[in-house]
1. Which whole-Hz couplings ³J(HN,Hα) result when phi for each residue of the range 226-233 is put into the Karplus expression 6.51 cos²θ - 1.76 cosθ + 1.60, θ = phi - 60°, listed in order with x for Gly and Pro?
2. For the range 1-119, compute the orientation-averaged projected area of the C-alpha convex hull (one quarter of its surface), in nm².
3. What is the dipole size for the range 1-74, taken about its Cα centre, with +1 at each Lys and Arg Cβ and -1 at each Asp and Glu Cβ, in debye to the nearest 20?
4. Return the single residue from HIS85, HIS183, HIS144 with maximal mean-square fluctuation; model: Gaussian network over the chain, springs between Cα atoms under 10 Å.
5. Apply 1/(1 + (r/R0)^6) to the Cβ-Cβ distance of PHE70 and GLN40, taking R0 = 22 Å, and write down the FRET efficiency to the nearest 0.05.
6. If the cut-off is 19 Å between C-alpha atoms, which lysines fall inside it for LYS23, apart from same-chain ones fewer than 8 positions away?
7. Counting Lys and Arg as +1 and Asp and Glu as -1, each charge on the Cβ, what is the dipole of the chain about the Cα centre in debye, to the nearest 20?
8. Excluding residues fewer than 8 places away in the same chain, name every one of the aspartates and glutamates whose C-alpha is closer than 19 Å to that of LYS80.
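Bear in mind these aren't lab numbers, they're just calculated from the coordinates by the rules spelled out. Worth saying up front: this structure is predicted, and the values here are computed from it rather than measured. Here the Cβ positions follow ideal geometry from the backbone for every residue, glycine too, while neighbour counts run over all protein chains shown.
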Amino acid sequence: MKKLLVGNWKMNKNSHEVAEFFKTFNEHFSEKREAWIASQSIHFPIVEELKTSGVKAGLQNCSEHIDGAFTGEVSPRALKDMNGHFVILGHSERRQYFGETSRGLNAKVRTVMNEGLVAVYCVGETLSERENGQTLSIIEDQLHQGLNDQSKANIDNLIIAYEPVWAIGTGKTATPKEAQEVHAYIRSILQTKFPSFGDKTRILYGGSVKPDNIEELLAQKDIDGGLVGGASLKAKDFLALCGDK
Ligand code: 13P
């Protein structure tokens, strides 16, 4: 399976900058690796229109409901209807600033996968949790709560992203060895939870992924790709991550 790079644009770019990005990106993207883009929801239709066909578009969050009286929310069914492919769920910024919990995210993961979208479920420890030696137990809790009772029929639509909170936007990357250790642990939990899928489920690393550290990270056995913030905003950097210099 090809390595996958998911660009999380967070709350960045205006419509002109989105167009500029794809003008450069489309010209050089070779599909050597997979490239997905999670824009702000308001930009989704522009991304969908301007991206080259090899790129998949998605969002950074959505409702756990498919429709109804939920003012201000974005429906995963509406996203699917607009040709959306995936949703990032449980990003640490959503957990930190918007009170999302693994238990609450369980419902979002379920709805997203039921709607035929891919759920990119994020887990990761804070700096103090790492320093206290709690990394693996935090990850285990986040996985159990978020994935508890998910239908095995949908597990093809699940991706896990390991994003140590202390490495996000800080320039500090987990070393490839540190990242691999956690990825292997995530893999072992998935193998137990979903025996026939654990080996296949893609596990992405996120946290200060840059063109100069990507190759070493992707060389690790259980790192299937990257979830990228800052370095996904510039077409040239994201192309480099996709293996297209
Ligand atoms: P950076 O790549 O900017 O560290 O952000 C990582 C991230 O949060 C991706 O979801």
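1. Whole-Hz 3J(HN,Hα) from phi for the range 226-233: x, 10, 10, x, x, 6, 8, 7.
2. 7.9
3. I would put it at about 440 debye.
4. Result: HIS144 has the largest fluctuation of those listed.
5. E(calc), rounded to 0.05, equals 0.75.
6. By straight Cα distance, LYS23 reaches LYS13, LYS32, LYS51, LYS56, LYS234, LYS236, LYS245.
7. So the magnitude is around 280 debye.
8. GLU48, GLU49, GLU64, ASP67, GLU115, ASP156
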